[in-house]
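Structure record follows, encoded as structure tokens.
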Amino acid sequence: LVGSHPTFYRTTRYGMENSCAVTAVSDWLNRETMREFSLTRPVRTIYNFVDIEKFQPRSVNRAALAEPGEKIIMHISNFRPVKRVTDVVRVFRKMLDTVSARLIMIGDGPERIAAVGVAKQLGITDKITYLGNMARIEDLLPAADLVIQPSEHESFGMVPLEAMACEVPVIVTASGGVTEVVDHEKTGYLCEVGDIDTMARYGVSLLQDPERALRMGQAGREAAIARFSPGPIVDQYIALYEELLAKKAAKTA
């Protein structure tokens, strides 16, 4: 919201200051909200959750996405500048020096043209498939050997979490709320923003070591179930609502 119209800023701040409660999906977003709007009241962190029944490892027709022997690398986003989709293409190009792979780009947005342009410059247009927006990501994610999300920052990191639930290792940037989702070297890898060399190195190391990739994927699903299942998080919202109702009842008693 930096640079937003002053009226929008004031209206948003007024709304939060006068709400019964304000929640954020990560501690990072909590801090950013408090700082950006100079709030005098606390913000409560309640994480997003993932449908662990919907997003889970399953048999997928890999032949529909890649040639036999090709590893499948996936990126899913709305292709805004903050998603740094051209970094995905550059990381993929470096990985191709060592592994046979195909990049599946899911989503659409203003940076798609830039991603296509970089791929053309690097001579790897034929190794990338753009699927556009897809209604059922859960039917494609389990086919991935690796998901790369090199965003400038994420408020939470829903795509990495969905990948983890599908037992797919992830490479993300250590910026924003995603650091509260991905456990470095256990459920995925955290890299500095723009460090395509390190991202490529981590990616190659995983694709060349299927057993380690499998362990990381399994650890990712275990973390998704333990920390981001719907039940406990919905319970936090219910508890918040009950707390607010109790306060209202006490005031009117």
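The values are calculated or read from the model by the stated rules, or taken from the named source; none is laboratory data. No experiment lies behind these values; they were computed from the predicted model shown. Every residue, glycine as well, gets a Cβ built from its backbone with ideal geometry; the counts of neighbours run over all protein chains shown. Just so you know, the surface numbers come from the protein's heavy atoms only, side chains and all, with ligands and any DNA or RNA stripped out. Shrake-Rupley method; radii C 1.70, N 1.55, O 1.52, S 1.80 Å.
Figures for the structure shown
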| read-out | value |
| --- | --- |
| Reduced Cα scattering model of the range 90-194, Debye log10 I(q)/I(0), q = 0.10, 0.12, 0.22 Å⁻¹ | -0.28, -0.42, -1.40 |
| For the range 45-147, accessible area per residue (1.4 Å probe, heavy atoms of protein chains only), Å² | 47 Å² |
| Qualifying trypsin sites (Lys or Arg not before Pro) in the range 99-205, DSSP loop, other Cβ atoms within 10 Å at most 13 | Arg136, Lys186 |
| Dimensions in Å of the range 1-62 - Rg and Dmax from alpha carbons | 17.3, 53 |
| GluC sites (Glu not before Pro) restricted to DSSP loop in the range 172-209 with at most 15 other C-beta within 10 Å | Glu185, Glu192 |
| Distance histogram for the range 31-96 (every C-alpha pair counted, 5 angstrom bins, percent rounded to whole numbers) | 3, 10, 11, 12, 15, 17, 11, 7, 6, 4, 2, 0 |
| Dimensionless Rg ratio for the chain, taking C-alpha atoms and the 2.2 N^0.38 Å reference | 1.12 |
| Local electrostatic count at Lys83 - Lys and Arg +1, Asp and Glu -1, tallied over other residues with Cβ under 13 Å | -2 |
| Rg followed by Dmax, in Å, when the range 1-126 is reduced to its Cα trace | 20.7, 58 |
| Choice from Cys20, Cys166, Cys191 showing the highest fluctuation, given a GNM over the chain with Cα pairs closer than 10 Å | Cys20 |
| Whether the range 108-253 is rounded, prolate or oblate, judged on the alpha carbon gyration tensor where a/c under 1.5 counts as rounded | prolate |
| Formal net charge of residues neighbouring Glu111 (Cβ-Cβ distance under 14 Å; K, R +1; D, E -1) | +2 |
| Low-density loop cleavage sites - GluC sites (Glu not before Pro) in the range 44-118, where at most 11 other Cβ are within 10 Å (DSSP) | Glu53 |
| Ranked by how many other beta carbons lie within 10 Å on average, peptides 238-246, 82-90, 222-230, 24-32 from highest | 82-90, 24-32, 222-230, 238-246 |
| Within the chain: Cβ-based charge dipole about Cα centre, in debye rounded to nearest 20 (Lys, Arg +1; Asp, Glu -1) | 580 debye |
| Dipole-positive endmost among Met158, Pro210, Ile171 within the chain (Cβ charges, Cα centre) | Met158 |
| Whole-number D in µm²/s for the range 186-247 (Stokes-Einstein; Kirkwood sum over Cα pairs; 4 °C, 1.567 mPa s) | 89 µm²/s |
| Whole-angstrom gap from the range 148-220 to the range 17-58, using each part's C-alpha centre | 21 Å |
